[in-house]
1. Name the pairs: first residue in the stretch 74-92 and assigned by TED's automatic domain parsing to the domain that holds Asn53 and away from the ligand (no atom under 16 Å from the Cβ), second residue open to solvent by 20 Å² or more (accessible area, probe 1.4 Å) and charged (D, E, K, R), Cβ to Cβ under 6 Å, at least 6 apart or on different chains?
2. Considering only residues that are in contact (Cβ under 8 Å) with a residue 40 or more places away in the chain, away from the ligand (no atom under 11 Å from the Cβ) and not β-branched (Val, Ile, Thr), which ones fall in the stretch 125-136?
3. Quick check, is Phe57 more than 29 Å from Ala110 (Cα to Cα) and either of a type outside the set (Gly, Ala, Ser) or within 16 Å of the ligand (Cβ to nearest atom) (or both)?
4. Does the stretch 100-115 contain at least one residue that is of a type in the set (Gly, Ala, Ser), touching a strand residue (DSSP E or B) at 6+ places or on another chain (Cβ under 8 Å), surrounded by fewer than 23 Cβ atoms within 10 Å (Cβ to Cβ) and more than 30 Å from Gly170 (Cα to Cα)?
5. Where in the stretch 220-303 are there strands (runs of 3 or more DSSP E), lying wholly inside it, with at least 1 residues that are open to solvent by 10 Å² or more (accessible area, probe 1.4 Å), modelled with pLDDT of 95 or more and of a type in the set (A, V, I, L, M)?
6. Would you check if there is a residue in the stretch 161-172 being farther than 25 Å from Ser5 by Cα, more than 15 Å from the ligand (Cβ to nearest atom) and free of Cβ contacts under 8 Å to residues at least 60 places away in the same chain?
7. Of the residues Phe253, Phe294, only one is among the aromatic types (Phe, Trp, Tyr) and away from the ligand (no atom under 16 Å from the Cβ); which?
8. Quick one: count up the residues across the stretch 32-54 that are crowded, with 18+ Cβ neighbours inside 10 Å and either of a type in the set (Val, Ile, Thr) or within 14 Å of the ligand (Cβ to nearest atom) (or both).
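The values are calculated or read from the model by the stated rules, or taken from the named source; none is laboratory data. Keep in mind that this is a model prediction, so the values were computed, not measured. Methodologically, a virtual Cβ is constructed for each residue, glycine included, from the backbone with ideal geometry; neighbour enumeration extends over all protein chains shown. With ligands, DNA and RNA removed, areas are computed over all heavy atoms of the protein, side chains included. Shrake-Rupley method; radii C 1.70, N 1.55, O 1.52, S 1.80 Å.
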Amino acid sequence: MVKASAPGKLMLFGDHAVVYGHPCVVTAVSKRIEVSVAEYERNEVCIDTPGVNDHSFIHAVLSRVSSLWCLPRSIRITVRSSFSGAYGFGSSSAVTVALIKALATYTSRAISDRELFLFALDVVLSVQKVGSGFDVAAASFGRTLLYKNKGEIIEPLPWKDIRLIVGYTGVKASTVEIVREVAEKRDHHPEQIDLLFNRMENIVWQAKQAMKENNMPWLGELMDEHHSLLQTLGVSSEKLDSLVLAAKRAGAFGAKLSGAGRGDCMIALVSKEREEDISTAIRLAGGEVVFVAFDEEGARLEV
Ligand code: MEV
């Protein structure tokens, strides 16, 4: 039996703009998806994924791998997740990456992280049709990355004293729907929307510098500014705004929604001293604090 896992991700900067070829900053989180591949007694592929109804990414991996690698007919694929799909941590890309890694090892193939990323990106795009692949990069390489457009830039960024609190709104957002709405808006008002994306890109370059200098107040200001741009884009929500405001009032350096918006999670950059108070403030505002570590390892084999 072979077991592999890949991490989920959290978007720090560049949400939505990344869809249009702008850079973003993404970090891999400690919530992982684990895939095992084992021999199966019947002459068929058995897929065992409790709680996961959408097998489209698994089928897409299998159809690619069967035509390229000599995959035995009798295998059992089991998927276990340490996170709920609701948080928006990117389970589709993590499942795709972990499965490819497990199947490569099962068929005695050496696969580099770069090859794994490109293979998984190809699979994810074949299913989703659109996407920049930042979540595939986080699942493959792990750590915290400056990422641009289908792997044009993949640069690890330093993660020193960054303390983040993740607040879940309790609302599951539909990324596909929100991304489609933003695309419609951009069709109607291309100049205004591209101006927002250009300003987000500017924030991403500054965030890279702030991370290199380990400058938390600056990084916090950039998060606040980014959240305002996402509000202007129309992807925030009352709940997200109230959690962001609660974190700020309790002394966060900065706070913003993370990901597509409307629901899922917000993040707050905090100091060690203020951490407890800010968590309490987020809870009192109706958010669920999700305990998760950041800057985690990418895809790996498990024993
Ligand atoms: C969702 O986590 C981030 C978006 O930028 C969509 C995407 O890039 O796939 C909103």
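1. Here the result reads Thr78/Asp48; Arg80/Glu34; Ser82/Lys31; Ser82/Arg32, each pair linking the stretch 74-92 to a residue that is open to solvent by 20 Å² or more (accessible area, probe 1.4 Å) and charged (D, E, K, R).
2. Correct list: Ser126 only.
3. Values: more than 29 Å from Ala110 (Cα to Cα): no; either of a type outside the set (Gly, Ala, Ser) or within 16 Å of the ligand (Cβ to nearest atom) (or both): yes.
In short, no.
4. Initial filter on the stretch 100-115 (of a type in the set (Gly, Ala, Ser)): 102, 104, 108, 110, 112.
Adding the requirement that they be touching a strand residue (DSSP E or B) at 6+ places or on another chain (Cβ under 8 Å) leaves 102.
Add one more test, that the residue is surrounded by fewer than 23 Cβ atoms within 10 Å (Cβ to Cβ), and what stays is none.
No, the stretch 100-115 contains no residue that is of a type in the set (Gly, Ala, Ser), touching a strand residue (DSSP E or B) at 6+ places or on another chain (Cβ under 8 Å), surrounded by fewer than 23 Cβ atoms within 10 Å (Cβ to Cβ) and more than 30 Å from Gly170 (Cα to Cα).
5. Details: elements: 254-258, 265-269, 288-290, 300-302.
Those strands (runs of 3 or more DSSP E) span 288-290, 300-302.
6. yes
7. Values: Phe294 fails: away from the ligand (no atom under 16 Å from the Cβ).
Step by step, each of Phe253, Phe294 is checked, and only Phe253 is among the aromatic types (Phe, Trp, Tyr) and away from the ligand (no atom under 16 Å from the Cβ).
8. Step one: list which residues in the stretch 32-54 are crowded, with 18+ Cβ neighbours inside 10 Å, which gives 32-37, 45, 52.
Checking which are either of a type in the set (Val, Ile, Thr) or within 14 Å of the ligand (Cβ to nearest atom) (or both) leaves us with 33, 35, 37, 45, 52.
Selection size over the stretch 32-54: 5.
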